[in-house]
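These notes are about the structure you will find just below.
The values are calculated or read from the model by the stated rules, or taken from the named source; none is laboratory data. Computed from a prediction, not measured in an experiment: that's the story for all the values here. Virtual Cβ from ideal backbone geometry, glycine too; neighbours counted across all protein chains shown. Each accessible area value is taken on the protein alone, full model and side chains, heavy atoms only, with ligands, DNA and RNA left out. Shrake-Rupley method; radii C 1.70, N 1.55, O 1.52, S 1.80 Å.
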Amino acid sequence: MKAGGHIDYVIQHLRDRLAREDIAELGVRVETRGPAAHVWGSVTSTDCRAAVLRIAEEELAGVPWHADLQVSCHNPPDHPEEVS
């Protein structure tokens, strides 16, 4: 297997698992960045963020990785905006 082959296999396995899980966050991307994996994008809640990070930690064991996941809420505001 090529040097980068292992990380590519592990990343694809993570992508597949994220697609199968109940969270199925469409805004999450997983890419190779040099010798490491980069998990980035947006999720709908802090619970989803925690789930993605847990799954990434399990699937990327032994591979250096970095996460940059933002929680993006698309719900209408629960109070009126204050205008000065």
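Every residue in the range 1-12 that is over 13 Å from the mean Cα position of the chain (by Cα) and modelled with pLDDT of 85 or more, please.
Residues satisfying the conditions are His6, Ile7, Asp8, Tyr9, Val10.
Somewhere in the range 71-78, is a residue modelled with pLDDT of 85 or more, out of contact with any helix residue (DSSP H, G or I) (no Cβ under 9 Å at 6 or more places or on another chain) and open to solvent by 90 Å² or more (accessible area, probe 1.4 Å)?
no
Considering only residues that are loosely packed, with under 13 Cβ neighbours inside 10 Å and of a type in the set (A, V, I, L, M, F, W, C), look in the range 26-70 and name the one that is modelled with the highest pLDDT.
Residue satisfying both the conditions and the ranking: Ala61.
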